[in-house]
Amino acid sequence: MFDVICDRDGVLNVDVGYAHRIEDFAIPEGAVAGLTILRDAGARFFIVTGQSGIARRMYAEEQMHAFNRHLQEQYRQHGIEFAAIAFCPHYPAVSDCTCRKPKTGMLDQIEAMIGPIDWDSAWGIGDKHSDSEMILSKGGRAVLLPDTRYWSENDPKLASLLNNPRHFVANNVLEAAHCIIP
Ligand SMILES: [Mg+2]
Ligand SMILES: [Zn+2]
């Protein structure tokens with residue numbers, strides 16, 4: 001068994017920007033196929049998601065929970081279960097915190113819920129630098145899905161990630177699964 005820590009927006013649902021309306025939920029291409037490969041290889045899944053839209057008062061925490069429940073129901077229909085979800089509702093201009101990515105507070109919350117994670121075998125899948133940095137700083141390996149809204153090839157942070165042998169880039173979750181299970 002190994003653990004896969006999934007970012008939510010842009011990985012498990014199409015990133016529409018501060019997604020919180022259930023009618024905006026859509027599963028990205030390759031996500032079910034990729035998670036199915038990982039599940040069959042023994043993966044346990046977690047969701048770790050930054051939800052600063054709560055601090056920004058764009059939606060209420062309960063709306064996020066309803067969206068998460070819908071997401072879980074949709075994936076459950078494909079045989080994919082998530083063992084736990086952690087979220088950061090904060091935004092630095094409103095309140096500082098220890099959980100906003102790339103800080104690792106949400107991973108600590110997951111471990112408090114389910115016990116220690118074996119980071120040497122664990123993977124993260126995200127679409128921002130901060131997703132990758134959070135996982136790498138724990139000692140796990142990370143796959144970054146390129147969303148050009150969030151990273152450009154000229155970004156020095158990206159260059160350092162691309163030089164990290166524990167870091168990978170893939171076009172979608174299906175390709176990420178093939179990085180994780182070669
Ligand atoms: Mg994301
Ligand atoms: Zn936070």
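Every read-out reported here was derived from the displayed coordinates using simple, explicitly stated rules and does not represent laboratory data. Here the structure is a predicted model, which means the values were calculated and not measured. Using ideal geometry, Cβ is built from the backbone for each residue, glycine included, and neighbour counts are taken over all protein chains shown.
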Residue check for Gly115: free of Cβ contacts under 8 Å to residues at least 60 places away in the same chain and exposed (fewer than 13 other Cβ atoms within 10 Å of the Cβ): yes
The one condition in (1) away from ligand 1 (no atom under 16 Å from the Cβ); (2) within 26 Å of Phe2 (Cα to Cα); (3) of a type outside the set (Val, Ile, Thr) that Gln63 fails to fulfil: (2)
Residues (within 11 Å of ligand 1 (Cβ to nearest atom) and not hydrophobic (A, V, I, L, M, F, W, C)) located in region 29-57: Thr49, Gly50, Gln51
Ser121 vs. criteria farther than 26 Å from Val32 by Cα, more than 15 Å from ligand 2 (Cβ to nearest atom) and hydroxyl-bearing (Ser, Thr, Tyr): no
Some residue of region 12-33 being more than 16 Å from ligand 2 (Cβ to nearest atom) and assigned to a strand (DSSP E or B): yes
Criterion violated by Gly53 - all others in (1) touching a helix residue (DSSP H, G or I) at 6+ places or on another chain (Cβ under 7 Å); (2) in a loop (DSSP other than H, G, I, E, B); (3) within 16 Å of ligand 2 (Cβ to nearest atom) satisfied: (1)
Failed item in (1) surrounded by fewer than 16 Cβ atoms within 10 Å (Cβ to Cβ); (2) over 22 Å from Asn171 (Cβ atoms), with Asp40 passing the rest: (2)
In region 17-37, residue nearest to His70 (Cα to Cα) [restricted to those that are over 15 Å from the mean Cα position of the chain (by Cα) and among the aliphatic types (A, V, I, L, M)]: Ile22
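Considering region 1-10 alone, what residues qualify as being farther than 14 Å from Phe87 by Cβ and either near ligand 1 (Cβ under 9 Å from one of its atoms) or without any contact (Cβ under 8 Å) to a residue 60 or more places away in the chain (or both)?
Residues satisfying the conditions are Met1, Gly10.
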